[in-house]
Amino acid sequence: QVQLVESGGGLVQAGGSLRLSCAASGRTFESRAMGWFRQSPGKEREFVAVLRWNGASTYYADSVKGRFTISRDNAKNTVYLQMNSLKPEDTAVYYCAASPGRLPSRTYEYDYWGQGTQVTVSS
């Protein structure tokens with residue numbers, strides 16, 4: 001029903017920036033919430049940010065507030081995660097996901113996931 005493809009990951013030095021993209025397709029994504037999660041080896045997948053496609057309401061994890069920005073481009077059917085002031089602790093695989101909720105922040109609230117894109121922040 002919803003297909004998600006992430007891109008934009010890579011290697012960046014601490015203090016640098018990256019912009020992740022999530023290309024969405026399907027018939028119902030515009031009525032959904034779109035979220036970003038991240039996961040490091042041996043750790044639980046953690047919430048990063050979420051946006052409602054209609055209305056563009058947003059919510060962020062405390063760890064990224066003031067540094068990351070989630071946004072969308074209606075013409076491109078794409079959700080972005082702009083990551084500034086990156087820290088080594090931001091290193092993880094970042095996943096785009098879709099949810100029927102409003103501004104969900106829990107993994108179980110999402111029913112569609114992308115394959116993930118690796119972000120590595122070096123010191």
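The values are calculated or read from the model by the stated rules, or taken from the named source; none is laboratory data. Note that this is a predicted model, so its numbers are computed, not measured. All Cβ positions, glycine included, derive from the backbone under ideal geometry; neighbour counts span all protein chains shown. Remember, those area values only see protein heavy atoms, side chains included, never the ligands or the DNA or RNA. Shrake-Rupley method; radii C 1.70, N 1.55, O 1.52, S 1.80 Å.
Structure values in brief
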quantity	calculated
Check on Val48, hydrophobic (A, V, I, L, M, F, W, C), closer than 13 Å to Glu6 by Cβ and surrounded by 15 or more Cβ atoms within 10 Å (Cβ to Cβ)	yes
Candidate set: segment 68-81, residues that are assigned to a strand (DSSP E or B) and open to solvent by 60 Å² or more (accessible area, probe 1.4 Å); chosen: the one nearest to Gly10 (Cα to Cα)	Thr69
Exclusive hit being farther than 12 Å from Phe37 by Cα, touching a residue at least 40 places away in the same chain (Cβ under 8 Å) and open to solvent by less than 40 Å² (accessible area, probe 1.4 Å), set Ser85, Ser123, Ser99, Ser57	Ser99
From the options Gly101, Gly35, Gly55, residue that is part of a loop (DSSP other than H, G, I, E, B) and in contact with a strand residue (DSSP E or B) (Cβ under 6 Å, 6 or more places away or on another chain)	Gly101
Selection from segment 19-43 of residues that are in contact (Cβ under 8 Å) with a residue 60 or more places away in the chain, among the hydrophobic types (A, V, I, L, M, F, W, C) and farther than 16 Å from Tyr110 by Cα	Leu20
